[in-house]
Amino acid sequence: MMKKIICSMILVLSAMFISWSPANCEAADVWVDHWNSENLDLFVIEDSLRYGSGATGKYFNVNVKQVRNGRLVRTVHWEYSKYKTDMWRYETSTMDGHHTTAVNVTDHLFEYCMNRIGWNYSIDRYWYY
């Protein structure tokens, strides 16, 4: 009988502890860059990073919060892709959707995502390969 009471109390106390603990299920926003020209800070929405590869190349996409003076300006969807031996290119949700642009060296967003995924890249003067 005493064993049942102790087990019941342990169970009740465990349930209370779990219900009082803060939940860690929120997505993290990671600061990756500051654009002086627009006074914007860029934050990667960690759980939005998606990537893949196939016979013709690799790709990844991610959502990024643009913040000015602590206030959200907008969220932009970035799509990076590499066709075979071509340089890495990107397109954003703010572009017209009819072309991609080569990724310039020192793109901190690109470098952060590549390191997070674990993919290697090389630099040839101005572009990432």
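What follows is calculated from the coordinates using simple rules that are stated; it is not laboratory data. Everything numeric in this text was worked out from a predicted model, so none of it was measured. All Cβ positions, glycine included, derive from the backbone under ideal geometry; neighbour counts span all protein chains shown.
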| note | Those trypsin sites (Lys or Arg not before Pro) from segment 35-115 that are DSSP loop and have at most 12 other Cβ neighbours within 10 Å turn out to be LYS84
| message | Using Cβ contacts closer than 10 Å as the measure, can you line up TYR126, TYR121, TYR90 from fewest to most? | response | TYR126, TYR121, TYR90
| said: I want the local charge near TYR129. Using Cβ-Cβ distances under 15 Å, sum +1 for each Lys or Arg and -1 for each Asp or Glu among the other residues. | reply: +1
| note | For segment 29-128, averaging the sequence separation of alpha carbon pairs under 8 Å that lie six or more residues apart and dividing by its residue count, the contact order in percent is 18
| note | Per the charge dipole of segment 29-128 (beta-carbon charges, Lys/Arg positive, Asp/Glu negative, Cα centre), the residue among THR56, VAL32, CYS113 reaching farthest to the positive end is THR56
| request: Just flag the GluC sites (Glu not before Pro) in segment 33-129 sitting in loop per DSSP whose Cβ has no more than 13 other Cβ atoms within 10 Å. | output: GLU38
